[in-house]
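What follows is a single structure, written as structure tokens, with notes after it.
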Amino acid sequence: MDASVPTGAALLLDFIGRTEAPHGYDTVYGNNQRKLKQPLTSMTLGAIVDAQKAWSKNFGSSASGRYQFMRATLQGLAKELNLSGAQVFNGDFQDRLAFHLLKRRGYQEYMAGKITAIEFGRRLAQEWASFPVLADCQGAHRSIKRGQSFYAGDGLNKSLITPEQVEAVLLKVRKAPDAPQKPAESVQPSEPVVVAPKPEVVSAPVPVPPAAAPSGIGAFIKAVLSFFASLLKRK
């Protein structure tokens, strides 16, 4: 898968490719690719468009490549995308063309939630005849039921997969990384976090040691002074 194709689109294109052309990018309608002189993936876009006119007559359809591009589809893409026709019809190129078809059919609107899966499924069924519609509707040739090809009644096309398979894939596509983020849900205020106050640390008073009793010569001097003081009081 071409690296420029978003994840959701790549999931859907892989599903389309497995349904439309299980044999891959070189497939020609009716598995007639072996009748070609060279593989599709080595041919240019212009050469394929030129050859498709004969393929439509000889094989019953001009559908080519992994996504079974019709001649008119490739001509429309070349005009819309301003393609010269010199581009090699390799796998990456086919992926990019098919992604453009998805965008034509509402891929971006579906991913943004602007259209329903039923509506997007109907649009896909208009592009790829092997896809079923997801609800009863008016088809290309008659009223059709859920599960039928949009082109039912043309004597050529029929649905190859069930609507349940399509719905399952579309759900995965919507949830793919490139899908829009869901609206943020209202956030309920959380319980306040109560932080216990740290106990105030009160420094204990440093005890002051009592004055030491005089000793030695200091005690003798004090005694002498006291004696003379008492004599003076007697006078």
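The values are calculated or read from the model by the stated rules, or taken from the named source; none is laboratory data. Quantities reported herein were computed from a predicted structural model and do not represent experimental measurements. Positions of Cβ are backbone-derived with ideal geometry, glycine not excepted, and every protein chain shown enters the neighbour counts.
General observations
- Note on segment 139-150: residues that are of a type outside the set (G, A, S) and surrounded by fewer than 20 Cβ atoms within 10 Å (Cβ to Cβ) amount to 4.
- One residue from A9, A51 being part of a helix (DSSP H, G or I) and either exposed (fewer than 13 other Cβ atoms within 10 Å of the Cβ) or touching a residue at least 60 places away in the same chain (Cβ under 8 Å) (or both): A9
- In segment 77-98, the qualifying residues are those that are over 26 Å from the mean Cα position of the chain (by Cα) and within 15 Å of L40 (Cβ to Cβ), and the one that is surrounded by the most Cβ atoms within 10 Å (Cβ to Cβ) is F89.
- Filtering L36, L74 for residues that are surrounded by 15 or more Cβ atoms within 10 Å (Cβ to Cβ) and at pLDDT 95 or above leaves a single hit, L74.
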